[in-house]
Amino acid sequence: MSTTVETEGALETRGIEQVPDHERTAKTRELFPTWVGANISVLLLTMGASLVVAYHLDIWQALIVAVSAPIVSYGLVGLIGIAGKRGGAPGMALSRAVFGQRGNLLPGSLIWVARWGWETINAVTGAYAVLTVLDIVFGIRANSVLDMVTLLAFVVATFAISGLGINAVQRCNKYAAYVFGVFSVLVLAYLVASTDWSEVLDHGAGSTASVITGIGMIAAGGVSWIPSAPDFTRYLPRTASSKAVVGTAVGGAGVVVLPMVLMGAVMAVSTPDLASATDPVSFLGEILPTWIAVPYLFVALIGMLLINSMSMYSAGFTAQTLGFKVPRHWAVSVNAVISLVFGGVLMLVATSFMGSFIAFLSLLAVAFSAWVGVFGADMLRRTEYDGRAMADTTRTSAYWYRGGFSPAAVAAWAAGLLSGLMLTTSDWFTGPLARNNVIGEYGLGWVATIAVSGVLYLVLPKPAVARPAAGRPAGEPAGERETLAV
């Protein structure tokens, strides 16, 4: 990414304000390693194993899931990312134009809290990777004290990268993508040579419902990145290709999700315990030879570090939109502390890591999807965002609407969220309608959430759309505003 006044050097100082056009010199190709890095997680292996063990899919059905899931979820990531190049601001700042200055606090708060859980899962997985390498290489066995030390080290490293800003995050993602590719080829080669393929190919097929459920489960992880997409596209010029924004998101995720899910499915045929391991990272250290396990777990550690850094980077913006009057890098520290506390609880108390992860993932997807439906539907009618109106949180803002709320957006968001929860089933929570209909059976509560909130927002009456005067550079005073009646 080209450096600017606000991003040159190690520390990015720009917060949620709109990026001026003269600073928006990024390239769409730089997004590819970003979405590669967002998916370098060994949890994809365990989720792939779950397709075989829990959903009883064969290798060909697992292939369908592995191809379809990133197309569905990261297709949405790319589409919402287009708003970033249109508005030059983070997703939750642009969201003020949709929900209103006060109304945006509702989805913003829920998404911020949901990120706590996502970052906790990532931090714990990263700590497990460190513990496994210490055990394999040095024979140091894990204990409660060492658990907390490794978790603290992981969270501090995450904070360091995410606190530096977009340049640090994208530069790390670029190198991690190359390293991950090399070691993934090694693991694939080992599996090809050591796997009993007759056993894999003879594995019985599962039901169509299970295939759909598997797609929903894998795609749910990608859904959590959708509100963050504009955070990584806001430095793109307005003229950047929208097709390229979508293509790099799907392609970057696909080159990771496809092989890792398939590797997990293949591993599960001979080692089904992978799908339910309390500590899935150390389990990989047991089923792979040391010469592959150690470097691969090291790569996995880097991947989880980058995923958490990206999540905390976005969480810092969300905290700022909620009213935290601190610089972006200090807003990031709030989530760092929270993930440290929750991570410690999960490592010391949880008995089934994977069960907790899948349950959390299903609820996380619904929490993000209610916002996605409304924001995505709004993009159909809005092509510009007023930087001054987004920054103005008083009654004078063009995005104040009615008492600071956009009634259509808030109502559609709430209805979508409620509908999604009613149709969601997990180990932690089962909605009253989840077991009595096709959507609940297939685990697609998050799909219903997007559909309900999006359609409802489109049909409800909305306030006029504030639009910057033609030719005015982004972020400058609006003067007389044009409106587009809807």
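Descriptive notes on the structure:
- All positions within segment 387-443 that are outside any loop (DSSP other than H, G, I, E, B), modelled with pLDDT of 85 or more and of a type outside the set (Gly, Ala, Ser): Arg388, Met390, Arg402, Phe405, Pro407, Val410, Trp413, Leu417, Leu418, Leu421, Met422
- Single unsatisfied condition, Arg29 versus (1) at pLDDT below 85; (2) surrounded by fewer than 18 Cβ atoms within 10 Å (Cβ to Cβ): (1)
- Segment 115-152, residues that are open to solvent by 10 Å² or more (accessible area, probe 1.4 Å) and of a type in the set (Gly, Ala, Ser): Gly117, Gly139, Ala142, Ser144
- In segment 284-317, the residues that are free of Cβ contacts under 8 Å to residues at least 24 places away in the same chain and either touching a Ser or Thr at 6+ places or on another chain (Cβ under 6 Å) or crowded, with 20+ Cβ neighbours inside 10 Å (or both): Ile287
- Residue list for segment 56-91, restricted to those being touching a Ser or Thr at 6+ places or on another chain (Cβ under 7 Å) and either open to solvent by 10 Å² or more (accessible area, probe 1.4 Å) or over 24 Å from Leu110 (Cβ atoms) (or both): His56, Leu57, Ile82, Lys85, Arg86
- Boolean, Ser68 is in contact (Cβ under 8 Å) with a residue 24 or more places away in the chain, among the polar types (S, T, N, Q), assigned to a helix (DSSP H, G or I) and under 21 Å from Leu31 (Cβ atoms): no
- Among the residues of segment 56-103, those that are touching a strand residue (DSSP E or B) at 6+ places or on another chain (Cβ under 8 Å) and not charged (D, E, K, R) comprise Ala97, Phe99, Gly100, Gly103.
- Long-range neighbours under 8 Å by Cβ, at least six apart or interchain, first residue in contact (Cβ under 8 Å) with a residue 60 or more places away in the chain within segment 183-204, second of a type outside the set (A, V, I, L, M) and open to solvent by 60 Å² or more (accessible area, probe 1.4 Å): Thr195/Ser270; Asp196/Ser270; Glu199/Ser270; Gly204/His56
- Checked against (1) in a helix (DSSP H, G or I); (2) more than 17 Å from Val250 (Cα to Cα), Gln101 passes all but condition (1).
- Those residues of segment 142-200 which are at pLDDT 75 or above, outside any helix (DSSP H, G or I) and closer than 30 Å to Val345 by Cα, in sequence order: Ala142, Asn143
Residue-wise test of (1) more than 20 Å from Ala300 (Cβ to Cβ); (2) part of a helix (DSSP H, G or I); (3) open to solvent by less than 40 Å² (accessible area, probe 1.4 Å).
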residue: Gly206; (1), (2), (3): yes, no, yes
residue: Thr213; (1), (2), (3): yes, yes, yes
residue: Gly221; (1), (2), (3): no, yes, yes
residue: Ala229; (1), (2), (3): yes, yes, yes
residue: Leu236; (1), (2), (3): yes, no, yes
residue: Val245; (1), (2), (3): yes, yes, yes
residue: Val256; (1), (2), (3): no, yes, yes
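- Selection status of Val155, surrounded by 15 or more Cβ atoms within 10 Å (Cβ to Cβ) and closer than 13 Å to Asn308 by Cα: yes
The values are calculated or read from the model by the stated rules, or taken from the named source; none is laboratory data. Keep in mind that this is a model prediction, so the values were computed, not measured. Virtual Cβ from ideal backbone geometry, glycine too; neighbours counted across all protein chains shown. For accessibility, only protein heavy atoms count, side chains too; no ligands or nucleic acids. Shrake-Rupley method; radii C 1.70, N 1.55, O 1.52, S 1.80 Å.
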